[in-house]
Amino acid sequence: MGVVTSYRMRLRRRYWLARAFGKRRQLRVLADRTRAIRRRDILLVCTVRNERIRLPYFLKYYRQLGVDHFLFIDNGSEDGTSEYLVDQHDCSTWRAKGSYKRSAFGMDWVNHLLRRYGHRHWCLTVDVDEFFVYPFCDTRPIRALTDWLEASSIRSFGAMLLDMYPKDAVTAEPYQEGQDPLEIAPWFDAGNYVFEKNPLLWNLWIQGGPRARAFFADQPRKAPALNKVPLVRWHRNYTYVSSTHALLPRGLNRTYADDGGEKASGILLHAKFLDVLSEKAREELRRGEHYAGGREYAAYAGAIDETRSLWCKWSERYVNWRQLEILGLISKGNWA
């Protein structure tokens, strides 16, 4: 059975690689600065749509972290997102004209860029509302992490998605361009997470947090997945198969220890719950381009109003990565 499963996984990987190759023609170059990418540069890949207001802080955060070059895919923005990115000296930008849904929710485009430009680079694949936190990130750039991972023969690094939210209603305080979103949304759930190992892809399936308790309380199994593998030393034969929740070869998904020990892990601070979410939810419901017919956005649109707060008496205010380590949400493993 193991040989048969491995063969099926190889076929599945080839299928996803072929999909990405076939969708490459949907990408039109707006600004190609990839010739500036050096051999050891750390790359970041991100798909966006109408995220102009979020981009200044997003770029500032990851530049300070040590990302060398950004690969952006703009799927039909109408708010100046493309124009802003084209003017950034360290960004290469493509316009994707195809359907977000029929491109595996953007992953066909991402996989193509990773295959073409990410080979043998450490690549970070995140959304524009996700902020990567790892042990010692306050004193060590991301290259220190990737150097240690490479020296330890580790090819991928896992990070749980941690939903951040305000104490007051999500719509209470307007988000300003260039602002750190954690100034508005510094709270998170320290517990109520469930973990389940996927026997086929070997990744951990994690659910819980404020989205599970506030939006999917009556159907917790339908709550969004919080497990991610955002940082990978890419090879042209790798491929994401379910957003950044899982990859092939499936050994890349084993970012956790199953022998009683601990592996180093990170967190993606998820700053989705800002006032801009209300209009975003309505827009995505109209488009119908998201997973399960936009079920997640339907839940947001129906539950976010001027009085609804995600805060509860068990909420924790974010301080730093060491706090997350104490809470068991992040681990430095044997990286000292």
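Below, the figures for the structure above:
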item: Residues within the range 105-125 that are surrounded by 21 or more Cβ atoms within 10 Å (Cβ to Cβ) and either more than 19 Å from the chain's Cα centre (by Cα) or in a loop (DSSP other than H, G, I, E, B) (or both), tallied; result: 3
item: Neighbours by Cβ (under 6 Å, 6+ apart or cross-chain): first from the range 182-206, within 18 Å of Ala159 (Cβ to Cβ) and touching a residue at least 12 places away in the same chain (Cβ under 8 Å); second of a type in the set (Asp, Glu) and surrounded by fewer than 21 Cβ atoms within 10 Å (Cβ to Cβ); result: Phe188/Glu316; Ala190/Glu316; Trp205/Glu196
item: Cβ-Cβ under 9 Å pairs, at least 6 apart or on other chains, the range 53-77 side closer than 18 Å to Met107 by Cβ and part of a loop (DSSP other than H, G, I, E, B), far side modelled with pLDDT of 95 or more and of a type in the set (A, V, I, L, M); result: Asn75/Val48; Asn75/Ala96; Gly76/Ala96
item: Flag for Pro174 being farther than 30 Å from Leu59 by Cβ, of a type outside the set (Ser, Thr, Tyr), over 18 Å from the mean Cα position of the chain (by Cα) and in a loop (DSSP other than H, G, I, E, B); result: no
item: Residues of the range 43-52 satisfying the condition of being surrounded by 21 or more Cβ atoms within 10 Å (Cβ to Cβ) and either more than 21 Å from Ser243 (Cβ to Cβ) or not basic (Lys, Arg) (or both); result: Leu43, Leu44, Val45, Cys46, Thr47, Val48, Glu51
item: Complete set of residues in the range 4-39 that are among the β-branched types (Val, Ile, Thr) and without any contact (Cβ under 8 Å) to a residue 12 or more places away in the chain; result: Val4
item: Selection from the range 128-151 of residues that are touching a residue at least 40 places away in the same chain (Cβ under 8 Å), farther than 21 Å from Gln323 by Cα and more than 16 Å from the chain's Cα centre (by Cα); result: Arg143, Thr146, Trp148, Leu149, Glu150
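Here's the yes/no breakdown for (1) modelled with pLDDT under 95; (2) under 21 Å from the mean Cα position of the chain (by Cα):
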site	(1), (2)
His245	no, yes
Leu269	no, yes
Arg286	yes, no
His290	yes, yes
Ser315	no, no
Ala336	yes, no
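The values are calculated or read from the model by the stated rules, or taken from the named source; none is laboratory data. Remember, predicted model here, so these are calculated numbers, not experimental data. As a convention, Cβ positions derive from the backbone with ideal geometry for all residues, glycine included, and neighbour counts pool all protein chains shown.
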